[in-house]
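The values are calculated or read from the model by the stated rules, or taken from the named source; none is laboratory data. Quick caveat: nothing in here was measured; it's all calculated off a predicted structure. Quick reminder, even Gly has a Cβ in these numbers, built from the backbone with ideal geometry, and neighbours come from all protein chains shown. Keep in mind that these areas ignore ligands, DNA and RNA; they rest on the heavy atoms of the full protein, side chains included. Shrake-Rupley method; radii C 1.70, N 1.55, O 1.52, S 1.80 Å.
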Amino acid sequence: MNLARFFDPDLIDIDLKDETKIKAVERLADLFYNKYPDKDKNAIIKAVMERESSGSTSFGRGFAFPHARTDTVSDLYIVFGISKNGLADKSPDGIPIKAIFLTLTPRNISKLYLQ
């Protein structure tokens, strides 16, 4: 799988100003919505927050991978952000999140985002 094909420059923010992972997810959802205004931003945020409620997607070493399977999208999308100051969230090692990858996949593609 060529991971680079899933990165769109319009879906990258290298200067997130948010202070928390939740706010950063909302900002990344805004970025996605700006590119795809026909998609339901609120449904995306809700799906990601539901997934987060079952367990944090902060993996430590400054990385977080919030994700959701939602019928709002028909393909895999990755929305990427960098926080120079770090985002507050529970992480296994206590290191603030610096890189956050919001991954969206349709419900009918269950394993693509795991690869």
(message) Placing +1 on the Cβ of each Lys and Arg and -1 on the Cβ of each Asp and Glu in the stretch 1-96, which of Tyr33, Ser83, Ala47 has its Cα farthest towards the positive end of the resulting dipole?
(response) Ser83
(request) Would you work out the charge dipole size for the stretch 1-79 about its Cα centre, treating the Cβ of every Lys and Arg as +1 and the Cβ of every Asp and Glu as -1, and quote it to the nearest 20 debye? (result) 220
(request) Pairs of Cα atoms under 8 Å, at least six residues apart: use those to get the relative contact order of the chain, whole percent. (result) 30
(message) Suppose the Debye formula is applied to equal point scatterers at every Cα of the chain; what is log10 I(q)/I(0) at q = 0.13, 0.15, 0.16, 0.21 Å⁻¹?
(response) -0.44, -0.59, -0.68, -1.20
(request) Show the residues, 5+ positions off or on another chain, whose built amide H is closer than 5 Å to the amide H of Phe59. (result) Ala64, Phe65
(message) As I understand it, the value is the acute angle between the Cα axis of helix 21-35 and the longest principal axis of the Cα atoms of the chain; what does it come to in degrees, rounded to 10?
(response) 30
(request) Could you check which residue among Asp75, Asp13, Asp38 shows the biggest mean-square fluctuation in a GNM of the chain with a 10 Å Cα cutoff? (result) Asp38
(message) If I compute solvent accessible area with a 1.4 Å probe over the protein chains, what percent of it on the stretch 31-106 is carbon and sulfur?
(response) 52
(request) Can you tell me the alpha carbon radius of gyration of the stretch 27-68 divided by the globular rule-of-thumb value 2.2 N^0.38 Å? (result) 1.26
(request) Whole number in Å², please: accessible area per residue of the chain, 1.4 Å probe, ligands, DNA and RNA not counted. (result) 58
(message) Using helices alone, I'd like the mean residue ellipticity at 222 nm for the chain: each DSSP H run of four-plus residues gives -39500 (n - 2.57), total over residue count, nearest 500.
(response) -8000 deg cm²/dmol
(message) Take Ser54 and Asp75, extend 7 Å from each Cα along the Cα→Cβ direction, and tell me the distance between the two endpoints in nm.
(response) 2.6
(request) Check each of the trypsin sites (Lys or Arg not before Pro) in the stretch 1-107 and keep only those in coil by DSSP with at most 10 other C-beta atoms within 10 angstrom; list them in order. (result) Lys90
